[in-house]
Amino acid sequence: MKTVSKYWSIFQITLINSLAYPGELIGRSLMIIPFMWIFYQLWKVTFAAAGAEVISGLTLRDTLWYLMLAETIELGRPPIARTLSENVKDGSIAYILNKPYDFLWYQFSAAMGETIFRAALNALFGGLTVWTLVGAPNHPQGFWIALPAILGAWILHFCVNAMIGLSAFIVEDVSAFTWIYQKLAFIFGGMLIPLDFYPNWLQAIAKALPFASAIYGPARLFVTPTLELLINVMSLQIVWILVLSFTLAFIYRRGLTQLTVNGG
């Protein structure tokens, strides 16, 4: 219980610190408004060109609400990989590793604390924008049903980005890996285009990857809150969380043996 309390305190402190600069927090979150307006213009034309109100089981309203939650999940997460890379570059990693807590659990607690308000504001501004453009979601209760999957998505994002960040133990600069991961998430996670609009063979591949579990799954569950989909999304998330967690722990232990500390 003392261990849990320690990381809970780290989460609370980071959560409070994230409010230290409310102007920056709000300004960053406002970026979702033009994103959703652009998506609306794009998909309005797409549905009109197709001459259909429903495409692959999604209406224009469903598509916009899906994209809103997908953007919220992506924009709400902190830049974990970049933070770890900077810690290695400036030598502060040595100070952090000597603290009386597990390094990975510390990073996870801090990341979750930084995520809450960022995601909440993105959901607020994005939701108001989409509501104005296409109306309320068809299934408002879908948000609460999708909430466990949203938490699972953040855990998956943490595992992948922490692994990218830990590669700084060897290469120091991880910006190239971060760029590759973002582009893979855009394509295979369904962040820009719902996976339902992909060819069947590509859907099958994309939905089996962790990118889909981190973005597509929770967003699709939000607009289609069924028990069957909830079980499918959560089952696949749990599998990927277990796989990536063990992989992350292994990479961390191996990385410590090759760490070169800069900055004196």
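What about R61, is it among the charged types (D, E, K, R), under 18 Å from L128 (Cα atoms) and assigned to a helix (DSSP H, G or I)?
So R61 passes the test.
Within the range 125-146, being touching a helix residue (DSSP H, G or I) at 6+ places or on another chain (Cβ under 8 Å) and loosely packed, with under 14 Cβ neighbours inside 10 Å holds for G135, N138. Checking I38, I80 one by one, the residue that is modelled with pLDDT of 90 or more and not hydroxyl-bearing (S, T, Y) is I38 and no other. Listed conditions (1) more than 23 Å from P137 (Cβ to Cβ); (2) in a helix (DSSP H, G or I); (3) in contact (Cβ under 8 Å) with a residue 40 or more places away in the chain are all met by V239, apart from (3). Is there a residue in the range 120-127 that is outside any helix (DSSP H, G or I), closer than 22 Å to I38 by Cβ and modelled with pLDDT of 90 or more? No - not one qualifying residue is present in the range 120-127.
Based on what the data block shows, is F211 loosely packed, with under 13 Cβ neighbours inside 10 Å, assigned to a helix (DSSP H, G or I) and either at pLDDT 90 or above or touching a strand residue (DSSP E or B) at 6+ places or on another chain (Cβ under 8 Å) (or both)? Answer is no for this residue.
The values are calculated or read from the model by the stated rules, or taken from the named source; none is laboratory data. As the structure is a computational prediction, the values presented were derived from the model and not from experiment. Reconstructed Cβ throughout: ideal geometry from the backbone, glycine too, with neighbour counts over all protein chains shown.
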